[in-house]
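Report on the structure given below.
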Amino acid sequence: MPKLPKKQRQAVALQELKVELVAVGDLKPNAYNPNRQTEDEFAMLKASIQEDGFTQPILCMTDGTIVDGEHRWRAAQELGMTHVPVVRVSMTESQRRIATMRHNRARGQDDTAQVAALFLDLEKLGAPDWAQDALRLSDEEVRRLTAMADTVAEDISRGHEFNQAWE
């Protein structure tokens, strides 16, 4: 497999963040996006857009080809939205493919203990049912989160420090 020397890599960094509203029909998915969502994840994304609004713009090339945000674009279509927030970029073919993969991989993963603590906070705020519905958690998942949060909170209150294996 040929390897591109580092000095020949041409990355064009975004210089100015300019968000614009663009007609949904002016955008198109790229042909190489490896990211997939389950039906539940997609339903949660749509609910997020309905309840919170469109909080993260779609990243696209100047011709409207999506680099990051295909699921948000598809959700907007299903929700009947006519316009979506977009940031346009000019990237090389290689850079845009790398950017798509990097954006997908950089989303991170939840820290289960922190999620459990957040769920306890939501219980104190009187919103556990809302959280359970919004996050599509089963009764068993809620029970496990609550039990874990109680254990972590008890350990912390006793001054127990977790070692790095928990990270």
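The values are calculated or read from the model by the stated rules, or taken from the named source; none is laboratory data. Bear in mind the structure is a predicted one, so any value in this text is a computation, not a measurement. Cβ sites come from the backbone with ideal geometry, for glycine too, and all protein chains shown count toward neighbours. The protein model used for the area step is the full one, side chains on, heavy atoms only, and it has no ligands, DNA or RNA in it. Shrake-Rupley method; radii C 1.70, N 1.55, O 1.52, S 1.80 Å.
Observations
- Subset of the range 10-24 (residues that are in contact with a strand residue (DSSP E or B) (Cβ under 8 Å, 6 or more places away or on another chain) and either free of Cβ contacts under 8 Å to residues at least 24 places away in the same chain or basic (Lys, Arg) (or both)): Lys18
- Some residue of the range 26-37 being modelled with pLDDT of 95 or more, in a helix (DSSP H, G or I) and open to solvent by less than 80 Å² (accessible area, probe 1.4 Å): no
- In the range 113-127, the residues that are within 13 Å of Arg143 (Cα to Cα) form Cβ pairs under 8 Å with partners that are loosely packed, with under 14 Cβ neighbours inside 10 Å, at six or more places apart or across chains, as follows: Leu120/Asp150.
- Selection from the range 8-25 of residues that are polar (S, T, N, Q) and part of a helix (DSSP H, G or I): Gln8
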